[in-house]
Structures are given as C-alpha cells and as structure tokens.
Amino acid sequence: MEPLYQYAWLIPVLPLLGALIVGFGLIAFSETTSKLRRPSAIFIMALMAIAMGHSLSLFWSQVQGHAPYTQMIEWAAAGNLHIAMGYVIDPLAALMLVIVTTVAFLVMLYSDGYMAHDAGYVRFFAYLSLFGSSMLGLVVSPNLVQVYIFWELVGMCSYLLIGFWYDRKSAAEAAQKAFVTNRVGDFGLLLGMVGLFWATGTFEFGEMGDRLTELVNTGLLSPSLAAILAILVFLGPVAKSAQFPLHVWLPDAMEGPTPISALIHAATMVAAGVFLIARMFPVFEQLPQVMTLIAWTGAFTAFMGATIAITQNDIKKSLAYSTISQLGYMVMGMGVGAYSAGLFHLMTHAYFKAMLFLGSGSVIHGMEGVVGHNPDLAQDMRYMGGLRKYMPITGASFLVGCLAISGVPPFAGFWSKDEILGAVFHANPAMWVLTWLTAGLTAFYMFRMYFMTFEGKFRNVPPELQEQHDHDGHHDDHAAEPHESPWTMTLPLVVLAIPSTLIGFVGTPFNNLFEAFIHAPAEERMAEHAVDLTEFLILGSSSVGIGLIGITIASLMYLKGTPRPQAIAKAIEPLYQFSLHKWYFDELYEAVFIKGCRRLARQVLEVDYNVVDGVVNLTGFVTMVTGEGLKYFQNGRAQFYALIVLLAVLGFVIFSVQA
C-alpha cells in the first residue's frame with residue numbers, strides 16, 4: 001500500500017512531462033511535431049489516464065480508511081525561516097485528484113474530435129496537459145506557499161487557453177481580462193499569505209489556524225487584524241472562482257475553445273478557489289465575521305449570476321453565468337460552515353457542468369455545418385431549435401445536465417444543492433429565501449436553454465444574416481441541416497451522464513457517505529448532523545417545488561409561446577436591459593477603472609512634465625548659467641586670482657568693521 005502513496009508525486013508530474021516533451025518538440029522540431037497530431041494526443045492522453053488510474057487507487061485507499069499521508073522535503077531555509085515542499089494525500093486531496101483527472105481525460109478525448117481540423121491541435125493538447133498538471137499540483141500541496149506557486153501556474157495556463165485563438169481580437173482581450181482580474185485577487189492572496197505568516201510563523205494550513213486562534217484568544221493579535229488577513233486571502237478565491245465583484249472575466253473566457261470552457265468551469269480554475277477555501281477552513285472558521293462575509297458573497301453571487309443568465313442568448317455565456325451562480329452556492333455553503341456540503345456540490349457540479357459545456361460544444365460543432373465558422377451565429381440559441389432530432393445523444397445528455405443542475409430528484413444536483421440550502425436555512429433564513437428564489441431562476445434559465453436549443457422547430461439563421469457574416473470574411477460552405485458529433489465527442493457526454501445522474505446518492509442525508517469520507521473522525525461528525533425527516537421533506541419539497549415552477553414557466557414561454565418572451569421583455573424593459581447588459585458591470589468597470597486609470601495616467605504625465613521635468617530643467621538651467629558666469633573667472637592667471645582673494649579679504653574686513 002505504501003508504494004501507492006510514495007509515488008503519488010507522479011500524478012502531477014506525468015501530465016507535466018507530457019506537456020514538456022510535446023512542447024519541446026513544437027519549439028525544436030515544429031514542423032515534424034505538428035504533423036504527429038494523433039500520436040502526440042495519444043501520448044498525452046495515456047499519461048493522463050495513468051494519473052487517473054493512480055488517483056482512483058488512492059481514492060479507494062482513503063475510502064478504506066488509510067491514514068492521510070504526507071511527504072515533505074526542506075525547500076528553502078534562511079535563519080529561522082524554513083519552507084518545506086512536498087505533497088499530501090488526504091480525503092480532500094484524493095477526491096479532487098479523481099475529479100480533475102477524470103474530467104481532464106474526458107475533455108482530452110472530446111478535444112480529439114472538436115479540435116480535429118484546428119491548425120493548433122498539438123499545441124492545444126500540450127496546453128491541456130500543462131493545465132491539468134498545474135491543478136493536480138495545487139490539490140496535493142501541503143502548505144500555502146506551494147499552493148500559491150501552482151495557483152499562479154493555473155492562472156498562466158488559463159491565459160494561454162482562453163487566448164488560444166490569439167489572432168481573434170476578442171480572444172486576446174478576453175485572455176488579458178482574465179489575467180488582469182485574477183491578478184487583483186492574487187495580490188490580495190499574497191498579502192494575506194505573508195501577513196498570516198508574520199502572525200503565526202507558519203504556512204501549514206492546520207498549524208496556521210490553531211496558532212491564529214491562540215493569538216486572538218490571548219490578545220496578542222487583534223481580531224480585526226486577523227479578519228483583515230483572512231479577507232485578503234479570501235480575495236484569491238473571489239477572483240479564481242469568479243465571485244462578485246471579480247466575476248467579470250469568466251463569461252469572456254468563453255472565447256477559448258469549448259473543451260477549455262468545460263475544463264475551466266468544471267474541474268480546474270474555478271474549482272481552485274473553492275478548494276482553497278476548504279484548505280483554509282481552519283483559519284476562516286475561527287473568525288465569524290469573515291465567515292459571514294464569505295457566505296453573503298456567495299449568496300449574492302449566486303443570485304446575480306442567475307438573474308443575468310435568464311436573458312443571455314449565447315449558449316456558452318449562459319452556461320458561464322450558470323457556473324458563477326453555482327460557485328456562489330459552494331462559497332455560501334462554506335461560509336455558513338457546511339464544509340462537506342460545499343465540497344459535495346463542487347463534485348456533483350464538476351460532472352454535470354462538464355457535460356453541459358461539452359454538450360454546448362457539440363451543438364456548436366453541429367451548427368457550424370449550417371452557418372460555417374461564425375461563433376456569433378453558431379452559439380446563438382435564437383437560431384437553433386429542434387436539434388434533438390438531429391443530435392439525439394447530445395440532446396439527451398444535455399437534458400440530464402439540466403435536470404441535475406435544476407435540483408430535480410434523483411439527479412445529483414438535488415442532493416448537493418439541497419444540503420447547502422438546508423444548512424443555510426439554519427444559519428440565516430433571509431439568505432435561504434434569496435438562494436431559494438435563485439434555485440427557481442436556475443431551473444428557468446436552464447430549461448429556457450434546453451427548449452430554445454433542442455425542442456420545437458429548427459429556426460436556422462436568416463439568409464441575409466448569413467450573407468452579412470460571409471461578407472465580413474467568414475465565408476464557409478453551409479450545409480442544410482445540423483449533425484450529430486463524432487463518437488469521440490459523444491462518448492464523454494454519455495460517460496458524464498452517469499455520475500450526473502447517480503453520484504448524488506453518495507451524499508443522501510439518510511446515509512451521507514460523502515460526509516463520512518470527507519470528515520475525520522466520521523462518527524463524531526455524523527452524530528452532530530442527525531437527520532430530521534420532516535424538515536428534510538419540507539425543505540426538499542420547497543426547493544423542488546420552486547424548481548418545477550421555473551421549468552413550467554420556461555415550457556410555457558419557450559414551448560407554448562404563451563406568454564411570448566418578447567412581450568414580457570417589453571413590459572419590463574428596464575429590468576430586461578439590466579439583465580441583458582449583465583448589471584452593467586462591464587460598463588461600470590470600463591468607466592471607473594479603465595478610463596479612470598487612463599485619466600489618472602494623463603494627470604501623472606502632466607505632473608511629470610510640468611513639475612518633475614520642470615525642477616530638473618531648472619536645475620540644469622541654473623547650473624548652465626552659473627557655469628557660464630564662472631568660466632570668466634577661470635582664466636589661469638595667478639595675478640587675477642590674487643586680486644580676487646584681496647577683494648574678498650577687503651570685503652570681509654569692511655563688513656566686520658561695520659558690524
């Protein structure tokens with residue numbers, strides 16, 4: 001058993017090795033490596049498959065009760081400062097390893113079909129492998145320093161993949177937006193990390209929480225200062241997991257290829273933020289005001305994301321705001337102390353959201369046969385409809401994902417979301433009302449998406465609109481009908497539909513195997529959370545009820561056409577525009593930060609030109625004038641110098657006599 005743990009470091013190293021070998025080939029032997037498309041992909045997928053098998057073995061070992069395993073080496077030392085590096089395998093790490101490797105492997109398989117004709121096929125797989133390796137390294141990190149290193153690697157990979165089609169202006173700008181927005185959160189994380197080390201003298205998660213509690217209780221550290229340091233750390237997850245107000249980068253990240261959208265939204269970048277909250281839970285749970293802030297940030301983000309998603313017409317951006325909303329649920333769960341519930345929703349969401357994003361990619365792939373390579377048209381749900389007839393596998397799997405995320409039993413999302421709502425109900429009824437309404441909005445916008453895309457008649461793109469896009473330089477040969485995707489794309493959808501349907505049963509409140517696994521000791525935790533059957537039925541029925549209301553309204557509007565969506569939008573025009581323009585956050589940030597920074601830069605330039613340069617120029621002018629005057633006194637004649645000295649002495653004598 002021990003060799004299984006002793007070689008766990010291979011899990012992040014194998015995908016890294018694949019990325020390095022293929023990446024070196026692209027740099028040193030570009031033409032040859034680019035031609036080895038399928039061998040390169042198979043090589044990278046094989047390494048990820050080995051990492052996945054090893055992860056599953058470790059997970060099973062942890063389920064069987066193996067003690068957490070930690071392997072450390074001293075990485076750097078200076079005086080009393082000792083920084084260790086290594087890896088830890090505990091229930092949380094084992095769970096995340098399985099989620100990341102399984103989703104990453106399925107995304108790689110899917111990418112073989114989706115990116116088959118892309119010129120950057122090999123480069124894309126190298127990036128994918130590096131992205132997976134970075135996230136795997138993050139989840140096994142035993143301390144905050146190592147987490148931060150892999151945290152930044154994850155951010156770098158997201159920049160590379162969001163801007164993969166860098167020749168598109170929109171993709172390049174989206175990559176920059178993601179990078180800059182995340183730097184804001186990462187700077188807060190760095191400050192908080194250094195501050196906590198200053199206070200506690202350690203970067204180890206458990207020790208940090210214990211020492212911080214001791215310092216606060218003994219009065220050696222102000223509770224307010226401890227809260228500020230914890231909030232600074234929380235800024236990192238706010239950016240990575242796209243929480244308000246640093247959520248604006250995630251919808252624009254859809255400019256990257258769809259497999260990347262699935263990986264970012266399901267198992268890597270956005271999951272990193274929730275994972276860090278879980279790792280830092282020993283610190284956060286000792287500070288009630290910080291926990292309250294975390295909970296309300298998640299609740300508001302969940303509501304905001306849902307209200308924006310209900311009006312979006314781009315299928316990927318609608319799913320992006322759905323992800324923002326669901327991440328809000330996870331963060332809120334952590335904030336109210338429902339540690340295992342937040343992680344449970346992270347797990348279930350990873351599988352059904354990966355399926356939904358890959359399903360949207362399948363739809364786009366099928367629509368490109370109709371409209372050509374025009375993202376604006378291929379992703380617009382207003383020009384879809386009736387696709388279930390043409391794409392039955394994609395349609396069926398997408399329906400499963402919609403049922404899961406809408407909280408319809410017995411699908412996975414019901415069990416995880418209901419557990420969070422139950423914990424929130426006990427912690428803060430007002431917060432529960434807000435997120436209960438959000439659950440109804442979730443069901444509405446997801447089935448709006450399903451009905452607009454897969455049901456009814458195929459609407460197609462108006463010929464004049466296609467011609468307009470063709471004149472813009474996007475001309476392609478348009479087929480008459482959409483088509484189902486190849487098996488490499490549909491197989492991952494079928495596989496992901498299985499956990500999306502069944503995995504929720506490991507976390508039922510009557511026999512919560514997930515909570516028993518993720519907590520230690522399990523018996524004590526389970527005893528603390530005895531299930532009240534009546535309460536479960538009431539709260540569960542209310543969440544299912546509001547979801548069914550949302551589904552019913554969506555079916556009336558987008559299947560029956562009564563009431564007409566256009567009529568409702570016109571009746572509430574200000575609210576509709578508020579949602580359609582995403583609460584005007586982009587416009588606000590443009591005015592305040594982008595244009596504001598430019599105005600500030602111009603003012604600084606004026607100060608630099610008129611004040612700083614003026615002082616420097618004045619100094620130079622004075623030096624030049626005095627030098628010009630003094631040069632007449634430097635003629636090299638001793639008699640002249642003696643005369644000057646005599647005059648100076650006489651002047652001094654006269655001044656002294658008069659004084």
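Miscellaneous remarks
- As a summary of the residue check, Ala51 satisfies the conditions (1) out of contact with any Leu (no Cβ under 8 Å at 6 or more places or on another chain); (2) in contact (Cβ under 8 Å) with a residue 40 or more places away in the chain; (3) of a type in the set (A, V, I, L, M) except for the one numbered (1).
- Any hit, the stretch 149-162, residues being charged (D, E, K, R) and not in a loop (DSSP other than H, G, I, E, B): yes
- From the list Leu161, Leu190, Leu246, the lone residue that is over 15 Å from the mean Cα position of the chain (by Cα) and not β-branched (Val, Ile, Thr) is Leu190.
- Selected residue (criterion: farthest from the chain's Cα centre (by Cα)) from residues of the stretch 18-43 that are closer than 30 Å to Asp90 by Cβ and either exposed (fewer than 15 other Cβ atoms within 10 Å of the Cβ) or of a type in the set (A, V, I, L, M) (or both): Leu20
- Residue count for the stretch 401-423 under the criterion of being touching a residue at least 40 places away in the same chain (Cβ under 8 Å), farther than 18 Å from Ile538 by Cβ and open to solvent by 10 Å² or more (accessible area, probe 1.4 Å): the result is 2.
- Verdict on Leu138 being within 18 Å of the chain's Cα centre (by Cα) and open to solvent by 50 Å² or more (accessible area, probe 1.4 Å): no
- Check on Tyr7, more than 18 Å from Tyr127 (Cα to Cα), surrounded by 15 or more Cβ atoms within 10 Å (Cβ to Cβ) and in contact (Cβ under 8 Å) with a residue 12 or more places away in the chain: no
- Test result for Ile324, surrounded by 24 or more Cβ atoms within 10 Å (Cβ to Cβ), β-branched (Val, Ile, Thr) and more than 27 Å from Leu229 (Cβ to Cβ): no
- Search result, residues across the stretch 148-162 that are open to solvent by 10 Å² or more (accessible area, probe 1.4 Å) and not hydroxyl-bearing (Ser, Thr, Tyr): Ile149, Phe150, Glu152, Leu153, Met156, Leu160
- The helices (runs of 4 or more DSSP H) falling completely within the stretch 1-84 that include 2 or more residues that are hydroxyl-bearing (Ser, Thr, Tyr) map to 30-35, 37-63.
- Criterion (in contact with a Gly (Cβ under 7 Å, 6 or more places away or on another chain), aromatic (Phe, Trp, Tyr), over 29 Å from Glu255 (Cβ atoms) and crowded, with 24+ Cβ neighbours inside 10 Å) met by exactly one of Phe398, Phe344: Phe344
- Just so you know, in the stretch 509-540 the residues that are among the aliphatic types (A, V, I, L, M) and modelled with pLDDT under 85 include one that is farthest from Tyr339 (Cα to Cα), and it is Leu533.
- Failed item in (1) surrounded by 11 or more Cβ atoms within 10 Å (Cβ to Cβ); (2) within 30 Å of Leu246 (Cα to Cα); (3) not hydroxyl-bearing (Ser, Thr, Tyr), with Ile568 passing the rest: (2)
- Subset tally (residues that are within 14 Å of Leu92 (Cα to Cα) and open to solvent by less than 20 Å² (accessible area, probe 1.4 Å)) for the stretch 44-65: 4
- Number of the condition not met by Tyr127 [criteria: (1) out of contact with any Ser or Thr (no Cβ under 9 Å at 6 or more places or on another chain); (2) without any contact (Cβ under 8 Å) to a residue 60 or more places away in the chain; (3) aromatic (Phe, Trp, Tyr)]: (2)
Residue by residue, here is whether (1) closer than 29 Å to Lys177 by Cβ; (2) among the charged types (D, E, K, R); (3) out of contact with any strand residue (DSSP E or B) (no Cβ under 8 Å at 6 or more places or on another chain); (4) at pLDDT 85 or above holds:
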{"residue": "Trp583", "(1), (2), (3), (4)": "yes, no, yes, yes"}
{"residue": "Asp586", "(1), (2), (3), (4)": "yes, yes, yes, yes"}
{"residue": "Ile594", "(1), (2), (3), (4)": "yes, no, yes, yes"}
{"residue": "Ala601", "(1), (2), (3), (4)": "yes, no, yes, yes"}
{"residue": "Leu605", "(1), (2), (3), (4)": "yes, no, yes, yes"}
{"residue": "Val615", "(1), (2), (3), (4)": "no, no, yes, yes"}
{"residue": "Leu630", "(1), (2), (3), (4)": "no, no, yes, no"}
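- Val107 being out of contact with any strand residue (DSSP E or B) (no Cβ under 9 Å at 6 or more places or on another chain), in contact (Cβ under 8 Å) with a residue 60 or more places away in the chain and closer than 16 Å to Ile11 by Cα: no
- Taken over the stretch 571-586, the residue count meeting the criterion of being open to solvent by 70 Å² or more (accessible area, probe 1.4 Å) and of a type in the set (Ser, Thr, Tyr) is 1.
Conditions tested, residue by residue: (1) over 17 Å from the mean Cα position of the chain (by Cα); (2) modelled with pLDDT under 95; (3) not aliphatic (A, V, I, L, M).
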{"site": "Val270", "(1), (2), (3)": "no, yes, no"}
{"site": "Met280", "(1), (2), (3)": "yes, yes, no"}
{"site": "Phe284", "(1), (2), (3)": "yes, yes, yes"}
{"site": "Leu293", "(1), (2), (3)": "yes, no, no"}
{"site": "Trp296", "(1), (2), (3)": "yes, no, yes"}
{"site": "Ala302", "(1), (2), (3)": "no, no, no"}
{"site": "Gln312", "(1), (2), (3)": "yes, yes, yes"}
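- Cross-chain or 6+ apart pairs with Cβ under 8 Å, the stretch 478-497 first and modelled with pLDDT under 95, then of a type in the set (D, E, K, R) and part of a helix (DSSP H, G or I): Thr488/Asp112
The values are calculated or read from the model by the stated rules, or taken from the named source; none is laboratory data. Since this is a predicted model, take the numbers as computed values, not measurements. Heads up, the Cβs are rebuilt from the backbone with ideal geometry, glycines too, and the neighbour counts pull from every protein chain shown. Calculation scope for accessible area: heavy atoms of the full protein, side chains included, ligands and nucleic acids excluded. Shrake-Rupley method; radii C 1.70, N 1.55, O 1.52, S 1.80 Å.
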